[in-house]
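For reference, the structure is listed below as structure tokens.
The values are calculated or read from the model by the stated rules, or taken from the named source; none is laboratory data. All values derive from a computational prediction rather than experimental measurement. In this analysis, Cβ positions are derived from the backbone assuming ideal geometry, glycine residues included, and neighbour counts consider all displayed protein chains.
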Ligand code: AHM
Ligand code: MG
């Protein structure tokens with residue numbers, strides 16, 4: 001933002017979008033409510049040990065969520081903040097969260113709206129206790145018309161059906177990054193006035209990059225095309241890619257994606273032998289899809305390695321997928337390794353079939 005320009009608050013940005021016909025009043029309200037909830041989460045995260053909010057939610061198995069993962073106190077608190085904030089506004093039909101087995105329908109005592117909200121209330125929560133950035137990720141879908149009883153199945157829409165998506169990162173500053181399908185824009189929380197102020201209009205991911213993000217400790221569990229792709233990145237200037245690459249891994253998807261939206265790079269959580277049975281590590285509906293929407297709107301690309309992320313037909317609320325996203329050319333390169341590998345496998349399968357016939 002230029003120092004002389006008058007600041008554009010999130011509220012003003014959304015009102016202007018409404019005036020120009022890009023969103024209706026209900027979607028504007030929904031985004032405002034999510035942003036307000038994120039401010040509350042930011043305050044709780046910021047208190048850290050002083051707020052008594054660090055550590056696990058319960059003893060032993062009492063803190064295990066639907067994903068089979070240990071919940072932190074802040075996971076539970078953030079989930080409650082988002083649920084409470086969104087229950088009564090009349091803009092939503094139902095909500096679904098990483099922390100809940102099934103969707104929650106807006107209670108009968110409140111008016112029911114036409115949108116569905118999905119969220120990961122506190123992504124990267126293994127980083128909370130060590131004071132590293134975490135974040136909230138959200139995705140908004142339309143509730144299909146004429147649905148008498150909303151259920152999980154109504155959320156199972158491809159990423160292309162998202163009407164809005166965003167994340168809030170709780171780092172040195174709190175930032176909300178949002179798309180309603182008209183570019184990806186960043187807002188920084190002005191803590192003194194309690195308002196999100198636009199700091200980047202139209203984030204743009206450079207097409208090329210020399211930086212990758214992946215958990216290298218999983219290397220031996222990866223599929224062959226991923227082994228080969230990262231092997232070639234590590235080979236640097238002397239290797240087939242002809243350039244040296246740097247590596248960054250925060251292990252908070254929100255923070256890693258925020259870096260990529262800011263300066264480019266490729267983020268990947270590929271299929272590995274440990275998570276293959278589940279389809280991947282990261283969740284399609286409230287992690288991969290909203291991030292893919294944000295990244296595409298910033299000129300980047302997002303793929304499972306074999307398919308455009310936003311085209312995946314979901315089969316479950318908590319479905320997991322492999323993820324490659326970021327600088328367009330680099331994502332295409334990673335996809336190329338998978339295509340080449342699959343093509344060779346298909347050909348050798350055919351040859352085998354012919355020789356056996
Ligand atoms: P979470 O939703 O339980 O926090 O898990 C998702 C997180 C992502 O933020 C991050 O990219 C990944 O898990 C880190 O995984 P790893 O611990 O294997 O590095
Ligand atoms: Mg998560």
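Among the residues of region 172-195, are any over 25 Å from residue 118 (Cβ atoms), over 20 Å from the mean Cα position of the chain (by Cα) and in the same structural domain as residue 338 (by TED's automatic domain parsing)? No, because not a single residue in region 172-195 is over 25 Å from residue 118 (Cβ atoms), over 20 Å from the mean Cα position of the chain (by Cα) and in the same structural domain as residue 338 (by TED's automatic domain parsing).
Counting residues that are in contact with a helix residue (DSSP H, G or I) (Cβ under 6 Å, 6 or more places away or on another chain), more than 19 Å from residue 331 (Cβ to Cβ) and within 16 Å of ligand 1 (Cβ to nearest atom), which strands (runs of 3 or more DSSP E) fully inside region 145-246 reach at least 3? Spell out how you get there, then give the answer.
Numbers: elements: 164-170, 174-179, 184-190, 195-200, 211-213.
Those strands (runs of 3 or more DSSP E) span 164-170.
In region 270-289, the qualifying residues are those that are closer than 26 Å to residue 246 by Cβ and crowded, with 24+ Cβ neighbours inside 10 Å, and the one that is nearest to ligand 1 (Cβ to nearest atom) is 287. Looking across region 100-126, the residues that are modelled with pLDDT of 90 or more, touching a strand residue (DSSP E or B) at 6+ places or on another chain (Cβ under 8 Å) and within 16 Å of ligand 2 (Cβ to nearest atom) come down to 117, 118, 119, 120, 121, 122, 123, 124. Taking each residue of region 110-130 that is farther than 27 Å from residue 88 by Cα and looking for partners that are within 9 Å of ligand 1 (Cβ to nearest atom) and assigned to a loop (DSSP other than H, G, I, E, B) with beta-carbon atoms closer than 6 Å, six or more apart or interchain, yields 124/252; 127/252. The set of residues in region 248-262 that are within 7 Å of ligand 1 (Cβ to nearest atom) and assigned to a helix (DSSP H, G or I) comprises 253, 254, 256.
Scoring residue 297 on the criteria (1) within 13 Å of ligand 1 (Cβ to nearest atom); (2) touching a strand residue (DSSP E or B) at 6+ places or on another chain (Cβ under 9 Å) leaves a single failure, condition (1).
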